[in-house]
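The values are calculated or read from the model by the stated rules, or taken from the named source; none is laboratory data. As the structure is a prediction and not an experimental result, all values here were calculated from the model. As a convention, Cβ positions derive from the backbone with ideal geometry for all residues, glycine included, and neighbour counts pool all protein chains shown. We work out accessible area using only protein heavy atoms, side chains counted, and drop any ligands, DNA or RNA first. Shrake-Rupley method; radii C 1.70, N 1.55, O 1.52, S 1.80 Å.
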Amino acid sequence: MISLETIFAIPILTVAAAAAVHATAYIHGEARRHLFRFWCFFIATVASMLAVVYVDGKLPFLLAWEAMGLASAGLVAFESKEKSVKKATWIYLLACHAGACALMLAGVLYSRPDAWIAAFAFAVVGFGLKAGFPPFHAWLPEAHPAAPAPASAIMSGAMIPLGFYGLIRFFPLSSECSVNGAVFGWTLLALGVIGALGGILFALPQSNLKRLLAFSSVENMGVIAMGLGLCALVIARDGKVELWLLAGAGAIVHVLNHAFLKGSLFLAAGSVLRQTGTLDQDRLGGLLKKMPFTGTLFTINAIGLAGLPPLNGFIGELAIYVTAFLAIKSGDPVLAFAGFLVAVSLALTGALAATAYAKAIGGTFLGEGRSEEAINATETPKRMYIAQIFLTVLSLAMIPGSVYLIYYTTGGYKTEVFITAAIVGALFAALVVSLLILRRFVCPRGDEKPRVPVWDCGYDAPTARMAYTATAFTQPLTDLSRPILRSRRHIQPFKGDPAAPSDAAIATETDDFALGGLWRPVFSRIARVFQRVHLLQNGSLHLYILIILIAVLALLVAALVS
Amino acid sequence: MNILSVILAVILAPLFLGIVNQTKAFFGGRRGPGYLRLYKDLFKLVRKSCPRPMPSTWIFDIAQSVSLASVIAASIVFPWSGVGIGSSIVPAVLFFYILAAGRFFTVIGALDAGNAFEGMGASREMQFSTLAEPIVFVILGLLVMLNGDVSLTSVLAGVSSETWRESIVALILVFGAFYAVFLLENCRVPFDDPETHLELTMIHEAMLLDVGGVDLAFALYGAALKFELLAAFLVTMFVPQLSNPYLHLSVIFGGVALISILTGVVESIMARVRFFKTPQMLLGALLMASLAVFFIACF
């Protein structure tokens, strides 16, 4: 019997194990003095996450939830000497407490049947603050780059999907909930579509590798939300039982696949940071030659997370696609609309994710190194990539594993589709191998591979500065989506004599829209309101005595009147 | 019969690009390179060695093989003669995702060469294919709505005469939208020009600048097979399934030859558009596809 608890506990245990092995080498040099603090928070985080999954009752759940937030905030703050880390920790703590607050309100309202909508709304806010629903995702792109890589791996792979766990646990998806299924479905569907498309769109221009991965987490949570939303909607429209089970299975399978793939990617990003000291993709490059294991594992996992066959990321998305297409065919206009929405958003998301990951692979690992650090990088200690191999093997096992989970959940509905998908994937891999063999052994000169200079319009000896940077790679798409991204550009034009101009420069920065465009104005407005209250606290003793006097008089009058 | 038709498709693929080139030569008043030019080129290339650019790694080495493997895998599951190998269960989504996986490898292979032009080509390729993806999936949704199931055979079950009568406008719109995707995916005018010789204006060809020998043969052959495959997809969308597989196969190949001639004509009478106009053209194709869905759903 595979229960919901098991599904969400597996990523916690596996990703935490890999992250622990990775962390033993990741924390090096000066930082090793604070090793004790790191392990305390690490163990507390993992323990509280397991508690969230396994405790019974609302109050223990809330306590475990709050403990999880606080313990992981300790991990985020590990390198707290840097200003950006301090800022990120603040934002993360704020998000955790706001989430806990919303969940308490939801818990109070939960038991009253007439307040279902209010309870659900607060739960979406509370759990969404963890799962990164837009616009509550603002902490993700701040906290993930600030936290040490093993902590980011756990948070992104295992912790943020717990938001979905909480949501399904308290608002279970079953045939009985058809009354409110429409609200549940449309809410998650809308949040999922915005999250998936917005997340991956903001991932595109990021030059910081971990920030890119963090935005990609927002995207993947959006994909899961789309699956669950479709599931609830099919229930609400009295669709076939197998159909909504299929959508749910797709979402659940994607939780696992995302955990293993993203966990490994964050660990690889950590290895890159440890060996080069930077995460800026425009300053990296050529690392596949210097760090062959880390680079190869990163490439495999990135292809998986871009949702391309034959790897596991594709199978979960395929389940959501199949449900969407069957919903289109069902004849119910509402379901057909939802199906089209999901299929088209998923297609666009997938294509954008492929671009973002091509950029991550290309910018970080391919071509020539663009800085001293990248050129002089060396491979990591063995245990760092062994941790990644562990997660990658789990990902590969998830190719048949996803098919089995879908079979298990739906009881064999449309399973042949997923089995053939896996077989065609294997056929694809076999074709690659046979073409490589053909090229090597059958072609007369196939194994001769002379090294030649790159073609740059006839100029030999190109420098790494002439190659395309990661930012340049995505520039056409980010330019197209400028109205949404609102990137800031700092241009330093040519100066001096046109024949021998000075260096020109351009720098672009894309901040999160939700943080800069929504939360910062909201919070600064709140701060301004509370500034007025400062009048009462101006430090003058006379004013305080006056206030106490007025309060006592008012109480006296009130007592006399009653 | 199924295996036979796949083998036939694999053998015939370079011929159709020959048809395109001969059509263009006819319009240009030239004699043209001949229908079998690509076969001769491929034969010449497989006897050469594969030069590798200095910065490249194993990704560059396998990129063209993966890209060709993806197209071959997609052709194996394609229902050439009405029923294909497993195509009655293979989901249509998988068909397009396998092609996308091949393209992904071409792109990272190009980035691996570490040169400005290949990076530029890779960047443009990703931009345009990203914009084409929603069009494909709107059309797939429409086909599922018309024909009933997610598998490749049922998506391509063909349009019944009844649908032809009722919603001819929608079908023309679908043809236009998919034809735009077809031209884009195969790097044809007006989106890309396979014959351009200036690196700055290349898209797909720019990614192959440093590819040579057997790898170049793989890339050229893969492009030819993809051309044939997507043209066959376009034809099968509209041709009702015939009971005789031989007849079906010959109708499909006849249709692909017609599409090749049409492409030759389009290339002869049209100039390629500027890069900045391409997104607008793709948006137009997306609107056409969505309008077709609207027509079929509402009338």
Euclidean distance between Cα centres, segment B:232-299 to segment B:1-24, Å = 18
remark   = Dipole check, segment A:46-98, charges on Cβ (K,R +1; D,E -1), about Cα centroid: among A:A51, A:A67, A:I91 the Cα furthest to the positive pole belongs to A:I91
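Round to a whole number: what % of the accessible area of segment B:2-298 belongs to carbon and sulfur, probe 1.4 Å?
On the way: 7090 of 10210 Å².
Answer for segment B:2-298: carbon and sulfur cover 69 percent of the accessible area.
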task = Largest first and in whole Å, give the semi-axes of segment A:4-430's equivalent ellipsoid, each being the square root of 5 times a Cα gyration tensor eigenvalue.
result = 34, 26, 18
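What value does chain B have for Rg/Rh, both radii from Cα atoms and Rh as Kirkwood defines it?
Values: Rg = 18.9 Å, Rh = 19.7 Å.
Ratio value, two decimals: 0.96.
Membrane-span-like helices in chain B: DSSP H runs reaching 27 Å or more (Cα, own axis), mean Kyte hydropathy at least 1.0? Don't jump to the answer; show the numbers that get you there.
Numbers: long enough: B:2-28 (39 Å, 1.67); B:58-77 (28 Å, 1.66); B:92-112 (31 Å, 1.73); B:116-147 (46 Å, 1.03); B:213-238 (39 Å, 1.59); B:245-269 (36 Å, 1.63); B:278-298 (30 Å, 1.90).
Helices passing the filter in chain B: B:2-28, B:58-77, B:92-112, B:116-147, B:213-238, B:245-269, B:278-298.
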key: Summed buried accessible surface, chains A and B, 1.4 Å probe, nearest 100 Å²   = 6500
key: DSSP-assigned coil residues among trypsin sites (Lys or Arg not before Pro) in segment A:207-257, each with at most 15 further Cβ atoms within 10 Å   = A:K240
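For chain A, which whole percent of the accessible surface, found with a 1.4 angstrom probe, sits on carbon and sulfur atoms? Write down the numbers at each step before the final one.
Numbers: 15990 of 23190 Å².
Result for chain A: 69 percent of the exposed heavy-atom area is carbon or sulfur.
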query = On average, how much accessible surface per residue is there in chain A, in Å², for a 1.4 Å probe, leaving out ligands, DNA and RNA?
reply = 41
request  = Please give the solvent-accessible surface of A:I361 in Å², to the nearest 10, using a probe radius of 1.4 Å with every protein chain present.
outcome  = 0
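For the pairs A:K87/A:K290; A:K87/A:K130; A:K130/A:K210; A:K289/A:K359; B:K24/B:K226, note any where the Cα-Cα span goes beyond 26 Å.
Going by Cα-Cα distance, A:K87/A:K290 fall outside the 26 Å limit.
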request  = Enumerate the aspartates and glutamates that A:K414 could reach by cross-link, defined here as Cα to Cα under 15 Å, with residues fewer than 8 away along the same chain left out.
outcome  = A:E242, A:E317, B:D149
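Report D for segment B:1-93 in µm² per second (integer): Stokes-Einstein, Kirkwood Rh on Cα pairs, 4 °C, 1.567 mPa s. Walk me through the numbers on the way to the answer.
On the way: Rh = 16.1 Å.
Translational diffusion coefficient: 80 µm²/s.
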request  = Using all C-alpha to C-alpha distances in segment A:513-561, build P(r) with 5 Å bins and read off the rounded percent in each one.
outcome  = 5, 17, 12, 13, 12, 11, 10, 8, 7, 4, 1, 0
Residues in segment B:89-103 occluded by at least 40 Å² - accessible area, probe radius 1.4 Å, against chain by itself = B:I89, B:P91, B:V93, B:L94, B:Y97, B:I98, B:A101
message = As a test question: what accessible area, to the nearest 10 Å², does B:L198 have when a 1.4 Å probe is rolled over all protein chains in place?
response = 80
ask   = Got a sec? What order do A:C443, A:C101 fall in by accessible area at 1.4 Å, biggest, i.e. largest, first?
value = A:C101, A:C443
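How many times 2.2 N^0.38 Å is the alpha carbon radius of gyration of the protein assembly as shown? Mind showing how you got there, number by number?
Working: Rg = 28.6 Å, N = 861, 2.2 N^0.38 = 28.7 Å.
Compactness ratio reported: 1.00.
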Cβ neighbours within 10 Å from other chains - mean over B:44-52 = 5
query = Which sequence of A:I91, A:I300 reflects their accessible areas, 1.4 Å probe, from the largest down?
reply = A:I300, A:I91
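Across the residues of A:292-300, average count of Cβ atoms on other protein chains within 10 Å? Walk me through the intermediate numbers first.
Details: counts 2, 0, 0, 3, 3, 0, 0, 4, 0.
Across the residues of A:292-300, the mean count of other-chain Cβ atoms within 10 Å is 1.
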query = How much accessible surface does A:I194 have with a 1.4 Å probe, in Å² rounded to 10?
reply = 100
Complex-versus-alone comparison for segment B:139-154, residues with a loss of 30 Å² or more in accessible area, probe 1.4 Å = B:G141, B:V144, B:M145, B:G148, B:D149, B:V150
query = Largest first, how would A:Y26, B:Y35, B:Y246 line up by accessible area (1.4 Å probe)?
reply = B:Y246, B:Y35, A:Y26
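Per residue, how much accessible surface does chain B expose to a 1.4 Å probe? Answer in Å², no decimals. Kindly include the intermediate steps, with their values, before the conclusion.
Values: 10460 Å² over 299 residues.
I get 35 Å² per residue for chain B.
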ask   = When Cβ neighbours within 10 Å are restricted to other protein chains, what is their mean count per residue of peptide B:59-70?
value = 5
